[in-house]
Amino acid sequence: MKTYGIIGYPLGHSCSPRYFNEKFRQRHIAAEYLSFEIQDIRQLDVLLQQHPNLCGFNVTIPHKQHILPYLDEISSEAQAIGAVNCVKVSYPQGKPYLTGYNTDMYGFRKALLDFIPSGISRALILGNGGAAKAVRYALHSLEMKVITVSRSPQTEEEIGYAELPGFVTDFPLIVNTTPLGTWPDIAGCPPIPYDLLSPQHYLFDLVYNPEVTTFMQKGLTSGAHVCNGFAMWLGQAEKNEEIWGIG
């Protein structure tokens, strides 16, 4: 039986195991999808030894960047983004050969274009982790002006949360790439000036569990349009299947 899975910590919020295992069952595919909750990426070698039938796995917080040194090959897009969320495992010499991809970018771009109207050209990205890198890549591919909001800004393209009041009005698209608000800590949300939001704003939250996050609810209260990350997740999951050759 072929094995697929997801590595990260924590993994209680992920719907990947349910999604893929149901798909395997419906298609009568002899495969399983498991959750591999690992805090330290150095545990990956042990994981590969314990699961010699592992054919592919997803990578989530906090390992999307940590995994890069462990890969034998990285797709050009994942290299440009600087983060990997999908790995294909092959065994050309009897040993695992890991190829990394970034399917977050595909999922996000597809979901975003279904959500926002044409003409939006400015976006704020909340957070600067691995998911933020994929979002930035997708937004730049759409020729948007992008500013990243970080707790500790490092470059000219980053600002701190305290500076947001001077930017929110002119940036109609705000994308939350942080895990704030993810189940079970659903009360959390990014510290942005929600009172400055209006019906001209579009809030995209990469979190999809719960369905309506506190970030989204606060946006709705101010009249903003909101979208959670499920459509993005579904888009990247479909791209994963293509990469892994599941059919």
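The values are calculated or read from the model by the stated rules, or taken from the named source; none is laboratory data. Just so it is clear, the model here is predicted, and its values are computed rather than measured. Please note: Cβ atoms are built from the backbone with ideal geometry, for glycine as well, and neighbour counts cover all protein chains shown.
Tell me, which residue of segment 132-162 that is closer than 22 Å to T103 by Cβ and among the small types (G, A, S) is surrounded by the most Cβ atoms within 10 Å (Cβ to Cβ)?
Checking each candidate, the answer is A134.
Out of P92, P165, report the one residue that is surrounded by fewer than 21 Cβ atoms within 10 Å (Cβ to Cβ) and within 27 Å of Y202 (Cβ to Cβ). It would help to see each step written out before you state the result.
Details: P92 fails: within 27 Å of Y202 (Cβ to Cβ).
Matching residue, one of P92, P165: P165.
Within segment 205-247, can you find the residues that are touching a His at 6+ places or on another chain (Cβ under 9 Å), buried (at least 21 other Cβ atoms within 10 Å of the Cβ) and under 14 Å from T177 (Cα atoms)?
V207
If a residue counts only when it is of a type in the set (S, T, N, Q), in contact (Cβ under 8 Å) with a residue 24 or more places away in the chain and not assigned by TED's automatic domain parsing to the domain that holds H63, which strands (runs of 3 or more DSSP E) contained entirely in segment 146-247 have at least 1 such residues?
Details: elements: 173-176, 202-205, 225-227.
Passing ranges, in order: 173-176.
Taking S14 as the residue in question, decide whether it is among the hydroxyl-bearing types (S, T, Y) and at pLDDT below 95. Lay out the reasoning, then the answer.
Values: among the hydroxyl-bearing types (S, T, Y): yes; at pLDDT below 95: yes.
Here the answer is yes, as S14 does meet what is asked.
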